[in-house]
1. Return P(r) of the range 137-224 (all Cα-Cα pairs; 10 Å bins starting at 0; whole %; ordered from short to long distances).
2. Once the other residues with Cβ under 15 Å from the Cβ of E191 are scored (Lys, Arg +1; Asp, Glu -1), what is the net sum?
3. Hey, any idea what % of the chain's accessible area is carbon plus sulfur with a 1.4 Å probe?
4. Express the relative contact order of the chain as a whole percentage, based on alpha carbon pairs under 8 Å and six or more residues apart in sequence.
5. Can you compute 3J(HN,Hα) from phi for each residue in the range 65-78, using the Karplus curve 6.51 cos²θ - 1.76 cosθ + 1.60 with θ = phi - 60°, rounded to whole Hz and x for Gly and Pro?
6. Counting pairs of Cα atoms in the range 97-162, how many percent are more than 20 Å apart?
7. Search the structure for amide H atoms under 5 Å from the amide H of A78, placed 1.01 Å from N in the peptide plane, and list their residues when 5 or more places away or on another chain.
8. Excluding residues on the same chain fewer than 8 positions from K21, give the lysines whose Cα lies under 19 Å from its Cα.
Amino acid sequence: MCGVFGFMTKDGRGPDLARLKRIAAVTQQRGHHAFGLAWLGGDGRIHTYKRPGPATANLAALDACRGATIVIGHCRWATHGRPEDNRNNHPHPAGRGWFVHNGVVQNHHDLVQKYRLAQRTQCDSEVLGLLMARFPGALGLRAARVAERAEGRLVMLGVWRNPARLLVVRNDNPLSFGETAGGYYFASLPEGLPGCVTEIRDHYAGVLTLGDDGLRHEAFLIAG
């Protein structure tokens, strides 16, 4: 099953860590086998953290996200690959970015063979990142094409740098966001999200880019 959550700043300030921890604890309802994070820090670098075990045993790791402009998180319900082998846990790399995934890639073995992908883990989700790194074009377009080739419902959040970008993908699995003065919070479950909670539209791949003039949004359609 799994669950994802995340944050994107509006003005360069970091997330409300207490709120983010509450959202992570709620997301744990969708998976308690492992917990992971990736964030774009104030130093301009992407950092990652992942460990076996539930979110509530790892909430202190979110303190490192103070001042982060983008945060993505994952609560894993293991389907492919033992969580005790930390390589199987999220986040996974996607070229120069990192992503988390909710769903099961039912045809991941076929995708590995068709595109001759070099897997390093037993996790089906890794295939999505390998494909995104392989395909050409804009980030959101690449993510949409990957979602079209992956059999099964999915949600993805990803973080990239230079420029700072948050990838948001929804294809049938649940994902919502809430807005504050300082930024946007995302989660598989709406409980704990701030403000007027809105469901992300389905069959959508979007990219939020943080620039000197604020946030810019690009959207792409995932074909059925």
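1. Computed distribution, short to long bins: 17, 48, 31, 4.
2. Cβ neighbours under 15 Å give a net charge of +3.
3. With neighbouring chains kept in place, the figure for the chain is 48 percent.
4. 22 percent
5. 8, 4, x, 6, 8, 9, 9, 10, x, 9, 10, 9, 10, 5
6. Value for the range 97-162 (Cα pairs over 20 Å): 19 percent.
7. Excluding prolines and chain starts, which carry no amide H, the hits are H33.
8. K50
The values are calculated or read from the model by the stated rules, or taken from the named source; none is laboratory data. Because the structure is predicted, anything quoted here is derived from the model rather than measured. Using ideal geometry, Cβ is built from the backbone for each residue, glycine included, and neighbour counts are taken over all protein chains shown. For the accessible areas, the whole protein counts, side chains as well, though only heavy atoms, and no ligand, DNA or RNA atoms are used. Shrake-Rupley method; radii C 1.70, N 1.55, O 1.52, S 1.80 Å.
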